Amino acid sequence: MLRLLFLIPFFPFAGFAALALGGRRLGRRAAVVGAGSVGLSALATLVLSAAFLISPPRGYAYTQTLWTWMKVGGFAPGISLYLDALSLVMVLVISIVSFLIHVYSGSFMSAGEGRRFFAYMNLFVGFMLTLVLADNLVLLYLGWEGVGLCSYLLIGFWYKDAANGRAARKAFIVTRVGDTSMAIGLFLLFARLGTLDIQELLRLASAHWQAGSGLAVAAALLLLGGALGKSAQLPLQTWLPDAMAGPTPVSALIHAATMVTAGVYLIARTNVLFSLAPHVRLLVAVIGAVTLLLAGFSALVQRDIKRVLAYSTISQVGYMFLALGVGAWSAAIFHFMTHAFFKALLFLAAGVVIKSLADEHDMFRMGGLRKQLPLAFWTFLAGAASLSALPLITAGFYSKDLILWDAWSSASGSGWLWAAGLAGAFLTSIYTFRMVFLTFFGRARARAGSLPGFSIKAPLVALAALSLAGGFVEAPGVPLLSRFLHHALPPFKQAAGIGAGAQLVFEVIAAAASLAGIYLAYQLFLRRPAGAGALAASSAGGLLHRWWFSGWGFDWFYDHGFVLPYSWLARAGRSDLPDLAFTGAARLAAAAGRLLGRTQTGRTRWYAAGIAAGAIIILLLTVN
Amino acid sequence: MGVTFYISAAVAVAATFAVITRYNAVHALLYLIVSLLAVSLVFFTLGAPFVAALEAIIYAGAIMVLFIFVIMILNLGPQAARLERAWLKPGMWLGPSALALILAGELAYIIVSGGGRGSAGEAVVGARQVGIALFGPYLIGVELASMLLLAGLVGAYHLGRRCEGNGGPAGSGRSGGQAP
Amino acid sequence: MMAAVPANYGLLLAAALFILGLAGVLVRRNVIFILLSIEIMVNASGLAFVVGGSRWRQPDGQLMFIFILAMAAVEVSLGLALVLQLYHHLKSLDIDRASSMRG
């Protein structure tokens, strides 16, 4: 049964091929092919999961080699798929969420765009699944690059507007920086360890490399660079808010649920390397903590509803990095799962709002929509509650809470990390419910146009259910998920001397933070909306407001530090400077010719003078 | 007798200087005739009576007459003299004088410090000797000179023709008056 | 009988006349004057030959002078014919007008 593993990535690729080659004749049915192929993949995933759980293979890992990709010297990676607990969880989440989003897109995208859109989306899902199921780092890198390509294609989907193209290029180039770092890391690993097969690699690394050795640090840092790019963490986070230029299903799928978590997956997969370099692992946690705060502050002041969600994604992925950094591997994956559910839900519901108001993104121009779009309101509320980690009834509560507890209690955790995470949770509640109150409550400033149909409502409801109930697989005391993931990931190392009741205390504190945030948002944005305006209008407030709005000035810094000098250099070199050596010689010859041409005056006396001068010179030379 | 040489030399130089500085063409011509006659006298003092005679007869007598004929054909009158005055500003002399003086200095240096010692004009080499040498070893020169003269004759005849008919001088097919 | 003159002085005279002729060629704009100056130069070179022949007491110098004379005659006749043609075309005796070969 497990031999059907290859079908999981195969179906989306087949869908892409069908749409790319024969899609023109399909018209409206392109959506069926697009969503159907991912649906088949999700079905295969469910079947395989059942088979895996019922009769797990030896060592809880199954490898399927399809064929050998290349054979160069001693380097012979294969197209090999590797199924273990970690990749199973990833594949399940990816395929189910993708399927729901594809169903939603069927009605969301207009008929003319369907073929190209679903072709790109299918290609993306195929590459993402390849990335997650890859047995060796080369195949993983193929999937990595593939999702980057599809992200570019989909962000710039409406390419006729130049701004979309710029956003797509920005995303591609920034992630490219990370990809280059990762590629160098792969070179290093291959040069030192002789293989890129992941399990083999990790075994050799832990056998030959000392903890804290330079090679381990270098390899881990380089892979971290790649992860930072794809997951939009500091310092490569600037592309994600601009990537909201793409259609909303794209934002939901790529920039909320799947691609941005590729970095998290990479670190979880190669956790042995990171454990061999404890300083790098600490760096991962610190980057996660700083990013989640930075993005939280930025989300607080945005006007565009999708940009709030984008910064929120950066922040939540920061939580996952924080968890990875303190050694809470399963907690990170758990948060990935719940985040995929509620963030995709938030994006899709926001898409309904945007579409019904005829492409209005500015929240300050919305309001009072809860009566006009009831389903969108309730599902959005469910997602928002999960994002804010509303206690007990939402999945987000369990996953975020687990991360906070692990940040405090881990052997490599610290109080500072916990405090950062707590502050982040507080911020999250504020900006999330700011979004809710501005969009759905208050005075209605615009009338909702089109109302969503069934194929839009169904995925919303499904995701809402998952956002609320999905957390129960890992409630305190019921650690189903982490027990399952321990077959693939190292267990969590708790620091010594933590009391038994401490966890409950911390949970209460976290719950209080989230509720306090909701209350503050209620006061500022619902009860007395002028209050927030006054705060923003004050001099210090205005400064902070502008600074957070621009994403802490990172865009300005990168523009002036890298982009402008490079463009200047490119423009200066446009005249092909090395060519100047050759054209310069030609121009010199021409100038010399023109100069000598000036001696041809056509005047006889001038020539006679020339003869006289020549005679003088010859006499000078010949007579001693 | 040596004094004759020096006096004739001075006259020749002065007359030649006058030739190149006159505004009137006829005046210049006349000064040139004077210069040629002075050089003829120099030949006499150098003991070369034959060429002295030739100089006077042919150079001063024929060639200068040619010049006079052409000047009369061209009818260069007072306005030509005015034109010359305009063209010969003192500033014009700078460059040519510089070149000429440098060349003069070099030639003087070569002549004075070079090998040439000896004195000229000690013996008279008469027409007889010249004739024997001319029709002896230098016979081929005579033949070549005759061919040269023939070429000159034909050329002068052809070049002297008017523009109608076969077109003018070299460059047939181009009508007159190209832009300067 | 014949008072001898140092040959150098004869050569110096020839050089002086030659230089004056050269200056005339370079300065004057009228074609006639240029031709005159050329004649001066030819004459000066002939003088140099004669001086040389006289120094060695041989007729060769005078012979060269005869040939030079023949050449000068031919050259003057052709030159003046050309001057007439030039005058006919350019309506002027300014030699700077005949500079369409410039560049």
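The values are calculated or read from the model by the stated rules, or taken from the named source; none is laboratory data. Here the structure is a predicted model, which means the values were calculated and not measured. Here the Cβ positions follow ideal geometry from the backbone for every residue, glycine too, while neighbour counts run over all protein chains shown. For accessibility, only protein heavy atoms count, side chains too; no ligands or nucleic acids. Shrake-Rupley method; radii C 1.70, N 1.55, O 1.52, S 1.80 Å.
Structural remarks
- Listed residues B:Ala120, B:Ala15, B:Ala56, most fluctuating in chain B (Gaussian network, C-alpha, under 10 Å): B:Ala120
- Residue (of A:Ala218, A:Leu526, A:Gly34) at the positive-pole extreme of the protein assembly as shown, dipole from beta-carbon charges: A:Leu526
- Per-residue [θ]222 nm for the protein assembly as shown (sum of -39500 (n - 2.57) over DSSP H runs n ≥ 4, rounded to 500): -23000 deg cm²/dmol
- Computed with every protein chain present, the accessible area of B:Met64 is close to 0 Å² [probe 1.4 Å].
- Proximal charge balance of B:Ala120 [Cβ under 12 Å; K/R count +1, D/E count -1]: +2
- Given a 1.4 Å probe and the protein chains as shown, A:Ile173 ends up with an accessible area of around 100 Å².
- Flagged links, alpha-carbon separation over 21 Å, of A:Lys306/A:Lys343; A:Lys71/A:Lys230; A:Lys170/A:Lys306: A:Lys71/A:Lys230
- The mean accessible area for residues of the protein assembly as shown, using a 1.4 Å probe and ignoring ligands and nucleic acids, is 43 Å² per residue.
- Area accessible to solvent at A:Ile430, 1.4 Å probe radius, in Å²: 10
- Separation in nanometres of the label points that stand 7 Å from Cα toward Cβ, at A:Trp556 and A:Tyr607: 7.3
- Among the protein heavy atoms of the protein assembly as shown, carbon and sulfur supply 69% of the accessible surface, probe 1.4 Å, non-protein parts ignored.
- Gained length - A:Arg594 relative to A:Ala465, 0.36 nm times residue gap less alpha-carbon distance: 38.0 nm
- A:Arg571-B:Ile132 pseudo-label distance in nm [points 7 Å out on the Cα-to-Cβ vector]: 9.4
- Counting only Cβ charges, +1 for Lys and Arg and -1 for Asp and Glu, the dipole size of the protein assembly as shown around its Cα centre is about 2220 debye.
- Prolate/oblate/rounded call for region A:411-521, Cα gyration tensor, a/c under 1.5 rounded: oblate
- Cα shape, chain A, gyration tensor, a/c 1.5 rule: prolate
- Pairwise label distance in nanometres, A:Ala20 with A:Phe582, each label 7 Å out on the Cα-Cβ vector: 3.7
- Extreme residue, positive dipole direction of region A:78-201, given options A:Leu193, A:Phe99, A:Ala163 (C-beta unit charges): A:Ala163
- Heavy-atom accessible area ranking, 1.4 Å probe, most first, across A:Leu236, C:Leu82: C:Leu82, A:Leu236
- Local electrostatic count at C:Asn43 - Lys and Arg +1, Asp and Glu -1, tallied over other residues with Cβ under 13 Å: -3
- Cα gyration tensor, region C:29-91 - rounded (a/c under 1.5), prolate or oblate: oblate
- Using only side-chain charges placed at the Cβ, +1 for Lys and Arg and -1 for Asp and Glu, the dipole size of region B:2-123 relative to its Cα centre rounds to 380 debye.
- Taking a sphere under 13 Å around the Cβ of A:Ala245 and counting the other residues whose Cβ falls inside, with K and R at +1 and D and E at -1, yields a net charge of +2.
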